[in-house]
Structure formats: structure tokens, C-alpha cells
Amino acid sequence: MSVCALMSPMLLLAGQAPAGQAPALAPSFQAAALAVLPLALGSAVSPLVLVAQILTVTRSGSGLRAGWWYVLGSAVVVALWIGLALVVGHALPQAPAGPDPESAALRLVLALVLLGLGLRLLGAAPSPALDHQDNGLQDGQATRRHPLRRAFGLGLVTMASNLTSLVLVFPAVHDLGRDRLPGLQEALLVGLVALFTLLPSLTPPLLLLLSGAGGRRQLERLNGWTQAHQPQISGGLCLAFGLLLAISGLLSL
């Protein structure tokens, strides 16, 4: 994908263009897809959501069923966040073909959030490893009595605290809302963003369902590696996409 395709604003003017300025045409489906894809890919990297889901599905008892409830909790947060971004995007006018201060301001603010979060994560002390006996995610008798309810709540909490993904999802869906694409095309791209964002919670139960005991061993190895490198993964992702949003915001001015 060319850098220009990503950096160019996707926002278009809904009503009359200013005097002497031609209104911008709506982008093609392919152009909108290429512009949103990098942010969607970034939203798919979430060590916190992945680790919590691996621990959920590899527990004895209703692990796999609890995993699907975890996915449902995560999906509720993603749906609400995407709905908010779409409402905001549709409420704003399409942007002109030239500079777009509204898009630039949104991207620059979110870039500052990601850069600050990335620096904080990279400078943080390593967190103690989670395990199946005492990891802060299990709650004794409450876990045994209500494993599905607890998994749903855990999915809600981990996705809601997943700032890296949510900060990337908002500008992507916000821009799609302002693109004024036909309904089906918009729905397909919004669904693509949602799917990528949910991949960290979807992958463990799918792998366990398809691979059985072998998948469980792979998940446990992945869990150990992810926990050991969680600050570096999250911090590096925040810095990389923070710089990307900052550059795209500056180019929109």
C-alpha cells in the first residue's frame, strides 16, 4: 500500500463546497479499504486481550464455552465504540479535496495519546507473570459458580482497557462514516475493522476448537512468550501507529 493512499484524508464535503472550490468525490471502495487497512491491522495486536483469553480457554471445566462468552463481552465493547465513531462520522460533513483541519485535529490528538502511552509502556517495569493458580483473573468460588458470566465480564473489561486498539479503531471508522460510501460497502469495511479488532479474543477458542490438545499446547507456549514481551509489543505498537497518525494528521493540514 502506498503511503499516499494512507495519509490522504478520506473525509469529504456533504453539502455545498466553498466558493471557488469543487466538492470532493467520494473515494472508491478500494481506496477506502487501503486507507483503513493499516489501522485495522494495528488494532489486531493486543497482548492483554490475547493473554486473558488464553487463560480463559485453557482452564479446566468450561474453558471453551467461557472463551466464546469472553468473545461476546469483547464484541459488545467493539460494537459500542464503532457505533459511536460512525455516529460522529455521519454527523460531520464530507471534507473538501484540500486540507481537512477536522481530520487533522482528530489524528494529531490520538497520535499524542498513542505516543504517550507507548513511552509509558516501554518505560514500565515488567509485570509479574500470570498463571493458572493465582493470576488475578480467577476468583475462586465465584469462577466455579459463574464461569460464563465471569468470562463475559472479563471480555468487557479487557477490551475496554485496550486503548491501543480503540484509539486506532476510532479514526478508521470515523473516516468511513464521512466517506459516504454506499451502505453495503461501508458495512463490509466496518465489519472488517471489527473482525481485526476481535482477532485476539477470537483466535484462541478457534485454535482450540480446530486443533484440540495440540492447539492447547500452542496456546500455552504463545501465552508465555506474549506475557514475557507484552510491554515491548504494546509500547512498540503505540509508538509506530502514533507516528503514523501524526504524519497523516500533519499532511491533512
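With surrounded by 18 or more Cβ atoms within 10 Å (Cβ to Cβ) and modelled with pLDDT under 85 as the only criterion, which of Ala24, Ala52, Ala66, Ala5 stands out?
Values: Ala52 fails: modelled with pLDDT under 85; Ala66 fails: modelled with pLDDT under 85; Ala5 fails: surrounded by 18 or more Cβ atoms within 10 Å (Cβ to Cβ).
Ala24 is the lone residue from the list that is surrounded by 18 or more Cβ atoms within 10 Å (Cβ to Cβ) and modelled with pLDDT under 85.
Conditions (1) closer than 17 Å to Ser74 by Cβ; (2) of a type in the set (S, T, N, Q), marked per residue:
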position: Gly155; (1), (2): yes, no
position: Thr164; (1), (2): yes, yes
position: Glu186; (1), (2): no, no
position: Leu198; (1), (2): yes, no
position: Arg221; (1), (2): no, no
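Within segment 51-94, which residues are small (Gly, Ala, Ser), assigned to a helix (DSSP H, G or I) and more than 18 Å from the chain's Cα centre (by Cα)?
Those that are small (Gly, Ala, Ser), assigned to a helix (DSSP H, G or I) and more than 18 Å from the chain's Cα centre (by Cα): Gly63, Ala66, Gly67, Ala91.
Do we find that Arg217 is of a type in the set (Lys, Arg) and touching a residue at least 60 places away in the same chain (Cβ under 8 Å) in this structure?
Criteria not met by Arg217.
With the requirement that a residue be of a type outside the set (A, V, I, L, M) and under 18 Å from Leu112 (Cα atoms), what does segment 224-253 give you?
Selection gives Ser234, Gly235, Gly236, Cys238, Phe241, Gly242, Ser248, Gly249, Ser252.
I'm checking my understanding of the structure. Among residues of segment 27-49 that are more than 18 Å from the chain's Cα centre (by Cα) and surrounded by fewer than 18 Cβ atoms within 10 Å (Cβ to Cβ), which one is modelled with the lowest pLDDT?
We begin by selecting, within segment 27-49, every residue more than 18 Å from the chain's Cα centre (by Cα); these are 27-31.
Narrowing the set further to residues that are surrounded by fewer than 18 Cβ atoms within 10 Å (Cβ to Cβ) leaves 28-31.
Details: Ser28: 79, Phe29: 85, Gln30: 88, Ala31: 82.
Restricting to residues being more than 18 Å from the chain's Cα centre (by Cα) and surrounded by fewer than 18 Cβ atoms within 10 Å (Cβ to Cβ), the top hit is Ser28.
Please note which helices (runs of 4 or more DSSP H) are completely contained in segment 96-202 and include at least 1 residues that are modelled with pLDDT under 85 and among the acidic types (Asp, Glu). Quick ask: steps written out before the conclusion?
Working: elements: 101-123, 140-145, 147-160, 163-179.
Output list reads 101-123, 163-179.
Is it the case that Ser252 is in contact with an Asp or Glu (Cβ under 6 Å, 6 or more places away or on another chain) and in contact (Cβ under 8 Å) with a residue 60 or more places away in the chain?
yes
The values are calculated or read from the model by the stated rules, or taken from the named source; none is laboratory data. These figures come from a predicted structure and were not determined experimentally. Ideal geometry is used to build each Cβ from the backbone, glycine not excepted, and the neighbour counts take in all protein chains shown.
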